[in-house]
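K.L.:
Sharing a structure with you now.
The values are calculated or read from the model by the stated rules, or taken from the named source; none is laboratory data. Just so you know, these numbers come straight off a predicted model, no measurement behind them. Backbone-built Cβ (ideal geometry, glycine too); neighbour counts: all protein chains shown. Accessible surface is based on the protein model in full, side chains and every heavy atom, while ligands, DNA and RNA are left aside. Shrake-Rupley method; radii C 1.70, N 1.55, O 1.52, S 1.80 Å.
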Amino acid sequence: MKLKTLAFIAASSAMSVSAYAQTEYNLPVSNTANLSYTSGTDARTATSEVVTFNVDRKVTFNLSGPATADKTVVPGDTTTSVYTLTNNSNAPVDYAITPPAETNVTYIIDANNNGVVDTGETTITNGDTPDLIALSTADGATPSVSIIVQVVTAANAVDGDSTTYSLQATAVEPTGSTIGTPGTGIVPTDADA
């Protein structure tokens, strides 16, 4: 008997992804313009005032997993697939993991990133409130975390039954945020604003 488990990954972010190296958030940058020119035979120079600004926050992240999470199972089987949530932002960001809609699916936050379900790790099941994961910047100690998706196949499952789940992460304001309310979605701002 063959049953299938199907998976979809969904991620929402407030900003677009960039392949360029990022400057740390809130870092002050000073800029001075120098001008040199000649008027006839008279060489002249001018220097502007120093202008300082702080680097804005750029929120980008990646939620990735196996190319296909389809698995062939028999009734009563428990299968797992491992996904990775990576903060590619230039600032610490928290991520809300939406609980699964299916009652036979559990998301496990793999605290030690070993790809194995260990005692005491946070589990997210149907009906739970979204769980927050704090991830530092790519330069920090915790830029990514593994999320294990565990699917339990019913003992009375029949050939052709399937489970489809959608693992979703949303970037939210981190604890201690001075920009917005911690735990709320990060709202993009217009560069011209």
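K.L.:
Hey, does the stretch 79-99 have a residue that's over 25 Å from Pro174 (Cβ atoms) and part of a loop (DSSP other than H, G, I, E, B)?
P.N.:
So in the stretch 79-99, the residues over 25 Å from Pro174 (Cβ atoms) come out as 79-81.
Cutting the leftovers down to part of a loop (DSSP other than H, G, I, E, B) gives us none.
For the stretch 79-99, residues over 25 Å from Pro174 (Cβ atoms) and part of a loop (DSSP other than H, G, I, E, B): absent.
K.L.:
Next question. Inside the stretch 37-75, can you point out the residues that are open to solvent by 90 Å² or more (accessible area, probe 1.4 Å) and over 30 Å from Leu167 (Cβ atoms)? Outline the logic, then answer.
P.N.:
Going residue by residue through the stretch 37-75, those that are open to solvent by 90 Å² or more (accessible area, probe 1.4 Å) are 37-38, 41, 44-45, 47, 49-50, 53, 56, 67, 72.
Matches in the stretch 37-75: Tyr37, Thr38, Thr41, Arg44, Thr45, Thr47, Glu49, Val50, Phe53.
K.L.:
Tally the residues that are under 15 Å from Gly65 (Cα atoms) and open to solvent by 30 Å² or more (accessible area, probe 1.4 Å), restricting the search to the stretch 81-112.
P.N.:
Looking only at that region, the number is 3.
K.L.:
So which residues in the stretch 165-176 are among the hydroxyl-bearing types (Ser, Thr, Tyr) and exposed (fewer than 14 other Cβ atoms within 10 Å of the Cβ)?
P.N.:
Scanning the stretch 165-176 gives a single hit, Thr175.
K.L.:
Which count do you get for residues in the stretch 141-178 that are in contact (Cβ under 8 Å) with a residue 60 or more places away in the chain and over 30 Å from Pro75 (Cβ atoms)? Break it down stepwise before answering.
P.N.:
Initially, the stretch 141-178 is screened for residues in contact (Cβ under 8 Å) with a residue 60 or more places away in the chain, giving 144-175.
Narrowing the set further to residues that are over 30 Å from Pro75 (Cβ atoms) leaves 144-145, 169-175.
Total satisfying the criteria: 9.
K.L.:
Okay, moving on. Take the residues of the stretch 46-67 that are over 20 Å from the mean Cα position of the chain (by Cα) and in a loop (DSSP other than H, G, I, E, B): which is modelled with the lowest pLDDT?
P.N.:
Just the residues of the stretch 46-67 that are over 20 Å from the mean Cα position of the chain (by Cα), to begin with: 46-55.
Now restrict to residues that are in a loop (DSSP other than H, G, I, E, B): 48-50, 55.
Details: Ser48: 90, Glu49: 92, Val50: 92, Val55: 84.
Per the stated criteria, the residue is Val55.
K.L.:
Then there's this: Filtering the stretch 10-36 down to residues that are in a strand (DSSP E or B) and open to solvent by less than 70 Å² (accessible area, probe 1.4 Å), which residue is modelled with the highest pLDDT? Step through it out loud before you land on a result.
P.N.:
Just the residues of the stretch 10-36 that are in a strand (DSSP E or B), to begin with: 10-12, 28-31, 34-36.
Imposing the further condition that a residue be open to solvent by less than 70 Å² (accessible area, probe 1.4 Å) reduces the set to 10-12, 29.
Details: Ala10: 47, Ala11: 45, Ser12: 42, Val29: 88.
Across the stretch 10-36, the extreme among qualifying residues is Val29.
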